[in-house]
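Each remark here refers to the structure printed beneath this line.
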Amino acid sequence: MASEDDFEEPQFFDKDRHLQFLEMMYALLPSHYQTQEINRLTLAYFIIVGFDVLGSLDRIDKDAVIKWVLSLQAHPKNEDELNKGQFYGFHGSRSSQFQSNVEGVSVPNGSHLASTYCALAILKTVGYDLSLIDSTPILESMKNLQQSDGSFMPIHSGAETDLRFLFCAVSICFMLGNWSGMDREKAKEYIISCQSYDGGFGLIPGSESHGGATYCAVASLRLMGFIEDDLLSKITSPCIIDVPMLVDWSLQRQAGDGGFQGRPNKPTDTCYAFWVGGVLKILGAHKFIDENGLRRFLLTCQSQYGGFSKFPGQLPDLYHSYYGFCAFSLLDEPGLHPVSVELGMTDIATVGLSL
Ligand SMILES: [Zn+2]
């Protein structure tokens, strides 16, 4: 007879179930993702790079993926159009490729910085040669998104500007191997102005420190070459950011249950094991993490159906599953590919890109 113990969650990283979960998502997204149809490229990024982190990229049809992603790139009709201030990156999905204006006429919709980042990361992951991309319109038009303070809008028609979109722009330039799409000095100044009195970074200057914003800040500075890796070991040399305070703030985000929180007094959540754990990795302070505690916490968020949830015992979602896989990669889980923290993909996918 089955005992109660048979139904307990496994106490190990259950790679086979995670692969089943990703395969299910790859074949057909569950209906509750329908409202996120506009973010299809982002969801595809979690699935495809997720397969790569799990060392199982052979399970997807790479040619089909390349064809689909390339079909979402926006192209200006001519030089004139390129200079009108629109952003020519990638659309989030087919349905966002066109939108109707007030007269009911279909007009090209603005593409989005986050979709463009995801598109390039997917293409690089499946081995597409990014030098084949028509990158001039992307880089030329991306300049229009940078504000005078150095921050970035995600779309040409105006929206919030903060560190998330600056990170996307930095990653895009890095992956394309061309910095003409942005003013790096201004971007650097903006990032520095986002470091808070407690050492963490807020999404905009003067805002509360946040794990995700702190990741965007540190990863961007590293990709732009303004900080070295393993900064903690070079603490005696002057640095453009306050490293000891930053390390302190980041380490304090690991709570008593072993998980990481995004901000003080918030519950621990799977994704911050990557956002904050990743910052500590870049800074060379990963060794101070309580790894056993973190592993224990993450396993309470591992679903019996595969994937990870935000909080212990909930149903899994793609976002937290992907960052759960990355967190386990940072913990050197056997059988997983090492992750390039700064770029949000695996080390092997970044071959040819130099940090
Ligand atoms: Zn989360």
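The values are calculated or read from the model by the stated rules, or taken from the named source; none is laboratory data. What you are looking at is a predicted structure, and each value in this text was computed from that prediction instead of being measured. A quick note on method: Cβ atoms are made from the backbone with ideal geometry, for glycine too, and the neighbour counts reach across all protein chains shown.
Can you find a residue in the range 266-277 that is surrounded by fewer than 18 Cβ atoms within 10 Å (Cβ to Cβ), among the basic types (K, R) and closer than 16 Å to G211 by Cβ?
yes
Quick one: which of G284, G344, G313 is among the small types (G, A, S) and under 17 Å from V49 (Cα atoms)?
Just a single option satisfies the conditions, and that option is G344.
Which one is nearest to the ligand (Cβ to nearest atom), of the residues in the range 308-333 that are in contact (Cβ under 8 Å) with a residue 60 or more places away in the chain and not hydrophobic (A, V, I, L, M, F, W, C)?
The extreme case among them is Y319.
What tally of residues in the range 295-307 results from selecting those that are of a type in the set (A, V, I, L, M, F, W, C) and more than 16 Å from the ligand (Cβ to nearest atom)?
Qualifying residue count, the range 295-307: 1.
Is it the case that D257 is touching a Lys or Arg at 6+ places or on another chain (Cβ under 7 Å), assigned to a loop (DSSP other than H, G, I, E, B), within 16 Å of the ligand (Cβ to nearest atom) and acidic (D, E)? Break it down stepwise before answering.
Details: touching a Lys or Arg at 6+ places or on another chain (Cβ under 7 Å): no; assigned to a loop (DSSP other than H, G, I, E, B): yes; within 16 Å of the ligand (Cβ to nearest atom): yes; acidic (D, E): yes.
Against the criterion (touching a Lys or Arg at 6+ places or on another chain (Cβ under 7 Å), assigned to a loop (DSSP other than H, G, I, E, B), within 16 Å of the ligand (Cβ to nearest atom) and acidic (D, E)), D257 does not qualify.
Out of the range 269-294, which residues are touching a residue at least 40 places away in the same chain (Cβ under 8 Å) and either part of a loop (DSSP other than H, G, I, E, B) or within 14 Å of the ligand (Cβ to nearest atom) (or both)?
If the condition is that a residue be touching a residue at least 40 places away in the same chain (Cβ under 8 Å) and either part of a loop (DSSP other than H, G, I, E, B) or within 14 Å of the ligand (Cβ to nearest atom) (or both), then D269, T270, C271, Y272, A273, F274, W275, V276, G277, G278, G284, A285 are the ones that fit.
What are the residues in the range 189-210 that are farther than 18 Å from V170 by Cβ and among the hydroxyl-bearing types (S, T, Y), if any?
S196, Y197, S207, S209
List the helices (runs of 4 or more DSSP H) that sit entirely inside the range 113-219 and contain at least 2 residues that are modelled with pLDDT of 95 or more and under 15 Å from the mean Cα position of the chain (by Cα).
113-125, 163-176
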